1. Kindly indicate whether any position in the range 132-149 is assigned by the TED database to the domain that holds Val79, over 19 Å from the mean Cα position of the chain (by Cα) and open to solvent by 50 Å² or more (accessible area, probe 1.4 Å).
2. So, restricting to helices (runs of 4 or more DSSP H) that lie completely within the range 235-332, which ones have at least 1 residues that are out of contact with any Leu (no Cβ under 6 Å at 6 or more places or on another chain), crowded, with 22+ Cβ neighbours inside 10 Å and on the phi < 0 side of the Ramachandran plot?
3. Which one of the conditions (1) part of a loop (DSSP other than H, G, I, E, B); (2) more than 18 Å from the chain's Cα centre (by Cα) does Gly361 fail to meet, given that it meets all the rest?
4. Among the residues of the range 120-131, write down those that are of a type in the set (Val, Ile, Thr) and surrounded by fewer than 18 Cβ atoms within 10 Å (Cβ to Cβ).
5. Surrounded by 15 or more Cβ atoms within 10 Å (Cβ to Cβ), hydroxyl-bearing (Ser, Thr, Tyr), in the same structural domain as Pro161 (by the TED database) and more than 30 Å from Thr345 (Cα to Cα): which single residue out of Ser44, Ser98 fits that description?
6. Considering the range 1-53 alone, what residues qualify as being within 17 Å of Ile133 (Cβ to Cβ), of a type outside the set (Val, Ile, Thr) and outside any strand (DSSP E or B)?
7. Take the range 274-308 and flag every residue that is of a type in the set (A, V, I, L, M, F, W, C) and under 22 Å from Asp46 (Cβ atoms).
8. Output the number of residues of the range 158-180 satisfying the condition of being open to solvent by less than 20 Å² (accessible area, probe 1.4 Å) and without any contact (Cβ under 8 Å) to a residue 60 or more places away in the chain.
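The values are calculated or read from the model by the stated rules, or taken from the named source; none is laboratory data. Being a predicted model, the structure only gives us computed values, none of them experimental. A quick note on method: Cβ atoms are made from the backbone with ideal geometry, for glycine too, and the neighbour counts reach across all protein chains shown. Only protein heavy atoms, including side chains, enter the accessible area calculation; ligands, DNA and RNA are left aside. Shrake-Rupley method; radii C 1.70, N 1.55, O 1.52, S 1.80 Å.
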Amino acid sequence: QVIRCKAAVMWEANKPFSIEDVEVAPPKAHEVRIKIVATGICRSDDHVITGALVMPFPIILGHEAAGVVESVGEGVTSVKPGDKVIPLFVPQCGECKSCLSTKGNLCSKNDLSLGAGTMLDGTTRFTCKGKAIHHFMGTSTFTEYTVVDESAVAKIDSAAPLEKVCLIGCGFSTGYGAALQTAKVEPGSTCAIFGLGGVGLSVVMGCKAAGASRIIAVDINSDKFAKAKELGATDCVNPKDFQKPIHEVLIEMTGQGVDYSFEVIGHTETMTAALACCQYNYGVSVIVGVPPTAQNITLDPMLLFTGRTWKGSVFGGWKSKDSVPKLVADYMKKKLVLDPLITHTLPFIKINEGFDLLRTGK
């Protein structure tokens, strides 16, 4: 059956979301239709609205969520109706080179690199006012019901509170994993985190969990420092308080720079600053923020020649289908916290207000 429900449709760039009645088609073979219970708002969604991340319009955004399986298509074996699940914007097919490698997690079935805005067969499951509406990163969670590929859904503990664990669908896992999986931060090391939104704070938690002795939080909004310290930051630095470039400030604070740095904003200038602030010979800098589509970085190659490592991290390096249920289990065992990352809880129809809160740093 086609389901008619409410969804927040983005008809064109730089406009507010429009709450519309949409039709959601039944799942085809190897697809799963999910009733979305809770969804987080992530800066990557906003990047599409502003045009920094190029995707086709009209589109239903959203990629950080939790819900309940409503129905499944032919051949689906990993979930059944009634299961609590988290949709995965980085799928795990288990068959491509990245899935088969112990080093990789960016499954070739992802739509992050292609930006096609469709299901794997090239079609969409959403229509509104007679028009096909695009999907976002294979998840599209700003809707009461969505359809995802079976490779893009993880079954989780039936007792998990969906309004909390939805953060494991992106923000928390992305930051926490960047420290633990991608950088492999060691006990006693020094770290710097640029950007203290939900993902940056999750990097702080990851560095703390890894046993880092010094965790320097960097943001131009000092209002974020109290929360950063609560979650493990030892120092908080506002670049606006200094006349000199921030990487020089951090090198002075630490002697030779930090062991690990993380850029969790998505700006080319801060990516270069994060690289420059890490130790010149063995420092590791990780890009976590989604880079703007049309921008390039120019840098002095000597920064890398001396031995620094520059890495990217998508979804914290986790193999999604394997790791998400385990992260939810860790939350249930109180091995990790999510509550401090939740600043506001709004009804779905107030989604535009939610994005205003994101844009004003609240």
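1. Yes, some residue in the range 132-149 is assigned by the TED database to the domain that holds Val79, over 19 Å from the mean Cα position of the chain (by Cα) and open to solvent by 50 Å² or more (accessible area, probe 1.4 Å).
2. Qualifying helices (runs of 4 or more DSSP H): 246-254, 268-276, 320-332.
3. (2)
4. Initially, the range 120-131 is screened for residues of a type in the set (Val, Ile, Thr), giving 123-124, 127.
The answer is Thr123, Thr127.
5. One residue alone meets the criteria, Ser98.
6. Narrowing the range 1-53 to residues within 17 Å of Ile133 (Cβ to Cβ): 2-13, 15-28, 31, 33-34, 36, 39, 45, 48-49.
Going one step further and asking which of them are of a type outside the set (Val, Ile, Thr), we end up with 4-8, 10-13, 15-18, 20-21, 23, 25-28, 31, 33, 45.
Listed by number, the residues that qualify are Trp11, Glu12, Ala13, Lys15, Pro16, Phe17, Ala25, Pro26, Pro27, Lys28, Asp45.
7. Within the range 274-308, the first condition is being of a type in the set (A, V, I, L, M, F, W, C), and the residues that meet it are 274-278, 284, 286-288, 290, 294, 297, 299, 302-305.
Scanning the range 274-308 gives Ala274, Val286, Ile287, Val288, Val290, Ala294, Ile297.
8. In the first step, residues of the range 158-180 are kept if they are open to solvent by less than 20 Å² (accessible area, probe 1.4 Å); the result is 160, 162, 165-166, 168-175, 177-179.
Imposing the further condition that a residue be without any contact (Cβ under 8 Å) to a residue 60 or more places away in the chain reduces the set to none.
Matching residues across the range 158-180 total 0.
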